[in-house]
Amino acid sequence: MTATVPIRCTVNGRPRELVVVAHHTLLDALRDDLGLTGTKECCLVGECGACTVILNGRSVDSCLVLAAEADGGTILTVEGLAVDGRLSALQQAFLDTGAAQCGFCIPGQLLAAHALLALTPHPDRAEVEEGLAGNLCRCAGYEQIIEAVLRAADEPAGGARAVEQPMVRQTTSDPAATPDASVAPQ
Amino acid sequence: MTGPVGSSPARGGGRDRVTGHQVYAADIRLEDVLHVKLVALPCARARILGIDATEALQVPGVRLVFTAADLPQPAPRFGPQLRDRPVLATGETKYHGDPVAAVAAETLDAAEAGVAAVRVTYEELPAVTSIHAALDPAAPLVQDAALRPGDALAGRNVLREHHYAWGDLAAAEAQAEVVVEGSYTFPMVTQFAIEPHAFMAAPDGDGIVVWSAIQHPNWLQRVIASLLDLPLARVRVIAPDPGGAFGGKQHAKYEPLLAFMARRLGRPVRLVLTLEETFQAVRRGASDVHVRSGFRRDGTLVFRDIRADYLIGAYADIADRTVAKGSYTSAGPYRVPAVRIVARSVLSHTVPSTAFRGFGNPQQIWAGESNMDEAARTLGLDPLDLRLRNLAERGETFIPGDTPADGRWAESVELAARLIDWRKPTAPGRGRGLAVGLKEGPTTGLSYSIVRLLADGSVIVYAGTSDMGQGARTIFAQIAAQELGAPMEAVTVVMGDTAVVPYDQQTSASRSSVLMGNAVLLACRKVQDQLRAMAARLEQVEASAVVVDGGTVAIGERHWPIGEVLARGLGRLGGELIGVGEMRKEALAEHPLGGTAAFYEFNCTAVEVEVDRATGDIVIARHVTVSDVGKALNPSQVRGQDEGAAIMGLGHTLMEHYILDDAGRIRNLGAIDYRIPTSMDLPLAMESAIVENGDGPGPYGAKGMSEGALLAIAPAIAAAVRDATGVVIRELPLTPETVWRALQDPVG
C-alpha cells in the first residue's frame, strides 16, 4: 500500500483538504490532486523555476517541497494572481510588453517576480535580473520579462500592492527554515 | 497602413499564458488513462539478450510491459528522411537513452516501479561517438546496411554526402593572392524547451487520436496512419500549443509507440518525458568544418572551399536535411565566383540530432564568419569593410539557380555597425566583433487556411500552424482583422487539430508568417470576393464596381462598413461567408534542395566584450542584432523573436555542450549540469533593430525572421574576444576554461 497523508491548506484563498501520497511533491498535489495545472513541471530538481509558487510567504520550487510539508500552509499559484477576472499589475505588464512567448515558464516567472516585488517594491534592473535568476526562459524573452517587472513596479498600484500575503525574506543560508509565524499567518 | 498590421496588439493566447489557463499537452487529463514510462540502458550501445517482465508485471497497477516483440514483425520503422527508427529498439540499442521497453500502469508511481523491476540482460558493445571514431574504417556500422539497399555509402558511417559547386575553383585558386583557412568545431547542444515533450494516444472507434506538442501535426498524422495502416481520416492529431519547440518538436518521437500501446490496451496512454529524457530525444548536430577562402589583396573573395562533417545520431531523423540545407548556403551572403562545398552526415551512437533553430546553419556560419574575421586581419582590412565589399546586392544571384538576394543586406550591416559605434575607438580592455548570418528560408510549402466571416462581422481563422511561442496566432488574427475590418477581439484563430483544421505542411524554417500568412490573406480575399458580389447584388451594380478594403465596402463615393453589407446580404436566415486560401511554394526536382528559397533570413550581429584574463570569463558589454524582416507585422513579437534568438545563441556560444564519457553516456543530463542562459547571463546592454523594405514574399512584404538573430552570434563574440585579447579560438563553447587556456597558450 502506498502511504498517504491527510493535509489541509489554503490555496489561492480557498481552504482545501486532501489526502496526498507521502512521497508526492507539492507540485504533484497542485497539478494532479487539485487540477491546478498552471504550475508547470520541467526539471524536477529545482533549477528551472517553472514550478515556482508562494508557500507561506516564501517563493519555493514546488518540485522540491513534499505535499505533506504544505500541511497548514498558505499557497499562492498563478491561478490566484488575478482577482475577480482582473489581471494583477504584473500579469498586465507581462501581457503588454509581450513577455510571454511560448508561455510555459511564465507562471513561474510571474510568481518569482511577485515575490521579488513584495520584498523590493521598486527594484532596479540588476535586482530584477537577480530576482528572476532561478527561472529559465528558453524563448529567452528575458528583456521583455525584465521590462514587464520594472513596468509593474512603476505602476501607482504596483506589483507590491497586489500581494495579499506578507512575504518572508528568503535567506540562502537556511532555505529549509520555518517561516516566522508572526509574519506568515497560517 | 492603418489597422492592426504593423502594430503590436496583445498576443493571441497571451491572457491564458499569464493566468495559467493555457492548456499544454501535459495539462490534458484523459479519463481512464494509463501512465507510460520508458526503459533504457545505461550505455550507448548494447545487444539486447533478453527482457524479463515477470517481476514488473507483479507490481500493483502495472498493466503492460511493451517491447519490440509486441509489435508487428518485422518491427515497424519510421523517420522523416529514412524509415530507420524502430518504434522500440530491436536487437540492439544505438544511443544512451534508446528505449528497449515501455511500462504502462494505473499510476505514474506504479509505472516507475514497473520500470525498476524490468530485467534487461544485455551485452555492452563498442560505441562510436565522435566524427573521428565513426569515420575509422574499422568502426562498427551504426546503421544496418540492410536498411539502405542500393546505397553506395551503406558500408560506412556516412549517411549522405552533399556536393555543391559553381565556378572554376582551380582557376580561382590561381588568382587568389591571399588564402586563409581554418577548422572550427561546434558542440552537441540540446533544444531544452522548458516544456518537456508530452504525448498521449487513445483508441477512437477503429481509428486513433494522438495528442502531441508537435510542430508538424499533419506530418505526424501521415506517420501514424502509415504505421497503423489506417486512412488519414481515421487518425486525429491534436496538437496543443507547444511550450517551446525550437525544431525539437518537428518530428515524431514516441507517438508511434503510444499509438501501438493504446491499441493493444484499448485504453488511453500518456507519456511525459523528463527533462533528462528530452536530452536523450533531441539535440543539434555537432560539427567540424574546414574553410579555405581565397581573396585578392583588396579583399575581394575569389573562392571558398568548405568541407563539413556533422556528427548526427543513430537514426537519421531530419538531421541529414539540416546538413544539406545548412551547408548549401555556407559560402555566405557573398558574391563568390568559385565555390566547392562538401558536407557529410556522419552517423554515430549518439542521440539522433534533429532540427534546431538555425537548421544546420549556425555550425557553418560559426566557421565561415570566423574565417572572414581571420581573413580581414590577415589582409589588414577592417572586418566590416571586408563584409561590405563582398556582400551580394539586392537582386543579385549569389547562388546559381537559386533566388537572388532579396534584401539590401548592406543596410543591416551598416546599421549594426553604427549602433555598436564600429568606427569609434574601443574602450581599453574591450574588443568588438561583427558577423553576418544568412539562412535559406523554406524551399517548398503548402498551407491551406479557412476564414469564416460570421453574421455579426466576427471572424474565425483556421490555420494548421503550431504556435510554439513565435506568435503565429496573433499574426493570423492581425491579417484577418486588417482584411475584414474586425476588431482583434472579434477574431478567433483555431489551430492544432487535424480533424478540424485544414492541411499545413509544417511549422518550420520561419515560414508561417509568409506561407500560412499568405494562405490566410488569400482566404480573406475570397471572403472579400463574396462581399463584392453581395454588394453588387444589393446595389444593382457590376461586382467590378465594388471595392473592399480595410473593413469598408465602397461603390464610387458611397461606402459602408463590411458588417452592414454582410447583415443586409445574408438576410433573415443569417449564415456566414467562407473563404479558403491555398498557398503553394512548388518543388523543383532539379534543384539540389528540391526547391529555391522562398526568402532569405539575413542578420548582422555586433558585440563588444570584456574578457577577464584571470578567469577567462567573457562579459558581453553591448550586443546589437539587426535583422532584415521585410515588414514587421507585429514589432513587439519581432523584437521577442530577435532578442530571444540572440540570447539563445549565447548558450551554444558561451556555455552549452553535452559531455560524453568513454562509454558514450551523456554525463550532464538535466538542468543542474547543463547550463543555459539565465537572466544573469544577459548582455549588459542589448539593442535589436530591424530593416524594413517591404521586399519579402509574405503578406505586406514580410519575410520570415525567427532564426536570424541566432545565426551569427558565435563568430561575432569570438571575433570580439580576439579583438580584445589577440587570441583566436576555433572551438565552441567559449567557456571560461577554454578562453583561459587559450590565453595561456595563444599559439595553440
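The values are calculated or read from the model by the stated rules, or taken from the named source; none is laboratory data. What you see is a predicted model; the values in this text were computed from it and never measured. Cβ coordinates were reconstructed from backbone atoms using ideal geometry, including for glycine residues, and neighbour counts include every protein chain displayed.
The requirement of being farther than 30 Å from B:M648 by Cβ and aliphatic (A, V, I, L, M) is satisfied by B:I450. Within region B:370-388, the residues that satisfy the criterion of being over 17 Å from B:T426 (Cβ atoms) and among the small types (G, A, S) are B:S370, B:A375, B:G380. Annotation note: of B:G431, B:G471, the sole residue that is under 20 Å from B:A245 (Cβ atoms) and either at pLDDT 95 or above or of a type outside the set (A, V, I, L, M) (or both) is B:G471. Taking the numbered list (1) out of contact with any strand residue (DSSP E or B) (no Cβ under 9 Å at 6 or more places or on another chain); (2) surrounded by 24 or more Cβ atoms within 10 Å (Cβ to Cβ); (3) β-branched (V, I, T) in turn, B:T300 passes all entries but (2).
So that you can scan it fast, the table gives a plain yes or no per residue for (1) of a type in the set (G, A, S); (2) at negative phi; (3) over 24 Å from the mean Cα position of the chain (by Cα):
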site	(1), (2), (3)
B:Q364	no, yes, no
B:W409	no, yes, no
B:D421	no, no, yes
B:R430	no, yes, yes
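Taken together, the residues in region B:609-662 that are farther than 27 Å from B:A724 by Cβ, touching a Gly at 6+ places or on another chain (Cβ under 6 Å) and at the interface with chain A (Cβ under 9 Å from one of its Cβ atoms) amount to 3. Just one of the listed residues (B:Y254, B:Y184) is buried (at least 19 other Cβ atoms within 10 Å of the Cβ), hydroxyl-bearing (S, T, Y) and touching a Ser or Thr at 6+ places or on another chain (Cβ under 6 Å), and it is B:Y184. Restricting the first member to region B:625-641 and to residues that are among the basic types (K, R), and the second to residues that are not in a helix (DSSP H, G or I), the beta-carbon pairs closer than 6 Å and six or more apart or on different chains are B:K631/B:E692; B:K631/B:G694; B:K631/B:A702; B:R639/B:S688. If you go through region B:736-748 and keep only what is touching an Asp or Glu at 6+ places or on another chain (Cβ under 9 Å) and not hydrophobic (A, V, I, L, M, F, W, C), you end up with B:P736, B:T738. The residues in region B:272-307 that are farther than 13 Å from B:G368 by Cβ and of a type in the set (S, T, Y) can be counted, and the count is 3.
Might you let me know whether region A:1-17 holds any residue that is within 13 Å of chain B (Cβ to nearest Cβ) and closer than 30 Å to A:D154 by Cα? Taking every residue of region A:1-17 in turn, at least one turns out to be within 13 Å of chain B (Cβ to nearest Cβ) and closer than 30 Å to A:D154 by Cα. Annotation for region A:64-78: at least one member residue is crowded, with 22+ Cβ neighbours inside 10 Å, at the interface with chain B (Cβ under 9 Å from one of its Cβ atoms) and in contact (Cβ under 8 Å) with a residue 40 or more places away in the chain. Candidates B:P76, B:P126: the one that is within 17 Å of B:L49 (Cβ to Cβ) and either crowded, with 19+ Cβ neighbours inside 10 Å or not aromatic (F, W, Y) (or both) is B:P126.
The rows are residues; the columns are (1) at pLDDT 95 or above; (2) away from every other protein chain (no Cβ under 14 Å); (3) more than 29 Å from B:E656 (Cα to Cα).
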position: B:A259; (1), (2), (3): yes, yes, yes
position: B:P268; (1), (2), (3): yes, yes, yes
position: B:L273; (1), (2), (3): yes, no, no
position: B:E276; (1), (2), (3): yes, no, no
position: B:V289; (1), (2), (3): yes, yes, no
position: B:T300; (1), (2), (3): yes, yes, yes
position: B:D305; (1), (2), (3): yes, yes, no
position: B:A308; (1), (2), (3): yes, yes, no
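Can you tell me which residue within region B:667-688, out of those that are more than 9 Å from chain A (Cβ to nearest Cβ) and aliphatic (A, V, I, L, M), is nearest to B:T605 (Cα to Cα)? Only one residue fits best here, namely B:A685.
Give me the residue from region A:123-145 that is aliphatic (A, V, I, L, M) and within 7 Å of another protein chain (Cβ to nearest Cβ) and, out of that set, nearest to B:P635 (Cα to Cα). Per the stated criteria, the residue is A:A140.
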